[in-house]
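One structure is given below, encoded as structure tokens.
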Amino acid sequence: MKDKQYAVLGLGVFGSTIATTLSQYDCEVIAIDKDIACVERIADEVTKAAVANTTDLEQLRALGIGDIDVAIIAIGTHLEEAVLTTMNVKELGVPYIIAKAKNRQFSTILEKVGANRVIRAEKDMGVRVAKSLLRKSIVDLVELDEDYSLVEINAPVEWIGKSFQILNVRQVYHINVIGVKDNEDKMSLNIGANYIVKKGDRFFVIGKTDDLEKFDYYTK
């Protein structure tokens, strides 16, 4: 299966950060902006960087946007430009579109014209910071998509001294433990049912974000 191809349209702080971060993980990224300075700033860090008017359908077609798997519309302050860009990307057949919006009204409009997911950057970050302050067991959380996350957790008090066979975390918490790092930072991805949880262990866990947050709320 081929790797996903991404297009980032709009290279302010938000867009350029997404573009360069995806590139650091060896993703194929096309970065587009109408400002040549923004394009030149990250040209060496992405697969392809282009100066273009994203409201012009034919310019996007010429850049191959129709072959992209995911488009990120990072034009959060100019509604008309963001709407036209989203509509163009949708018309070109991009299957998944993420758009940035500055408020709820923008979000509603962008969803109606074709965005699959709308990010309100300041609001979403505020919620994320607040949740991070409330977490007890979760050390770090990475959203894999809209529903699933990968987290690093400290061993809950009630786990210590028990085996995974007894804990039965998949059935009890609906989460999957995929790795463990001990208090000497030694990593292991081979965790059997007989593994005994020790104080200082940190686990890497995948699950639905809602289930992970419930797990964090109910554990000590």
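The values are calculated or read from the model by the stated rules, or taken from the named source; none is laboratory data. From a predicted model like this one, the values you see are computed outputs, not experimental measurements. Neighbour counts are summed over all protein chains in view; Cβ atoms, including those assigned to glycine, are modelled from backbone coordinates with ideal geometry.
What the table below lists for this structure:
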{"read-out": "Any chance Ile32 is in a loop (DSSP other than H, G, I, E, B), among the hydrophobic types (A, V, I, L, M, F, W, C) and touching a Gly at 6+ places or on another chain (Cβ under 8 Å)", "value": "no"}
{"read-out": "Residue among Asp35, Asp44 that alone is out of contact with any helix residue (DSSP H, G or I) (no Cβ under 6 Å at 6 or more places or on another chain), under 27 Å from Ser107 (Cβ atoms) and of a type outside the set (A, V, I, L, M, F, W, C)", "value": "Asp35"}
{"read-out": "Extreme residue, nearest to Pro156 (Cα to Cα), among residues of region 168-220 that are assigned to a loop (DSSP other than H, G, I, E, B) and under 24 Å from the mean Cα position of the chain (by Cα)", "value": "His174"}
{"read-out": "Among residues of region 62-94, those that are assigned to a loop (DSSP other than H, G, I, E, B), more than 12 Å from Ala7 (Cα to Cα) and either within 20 Å of the chain's Cα centre (by Cα) or touching a residue at least 24 places away in the same chain (Cβ under 8 Å) (or both), counted", "value": "5"}
{"read-out": "Any pair with Cβ under 8 angstrom, 6 or more apart, that starts in region 14-42 at a residue that is farther than 20 Å from Ala101 by Cβ and surrounded by fewer than 16 Cβ atoms within 10 Å (Cβ to Cβ) and ends at one that is small (Gly, Ala, Ser) and at pLDDT 95 or above", "value": "Glu40/Ala49"}
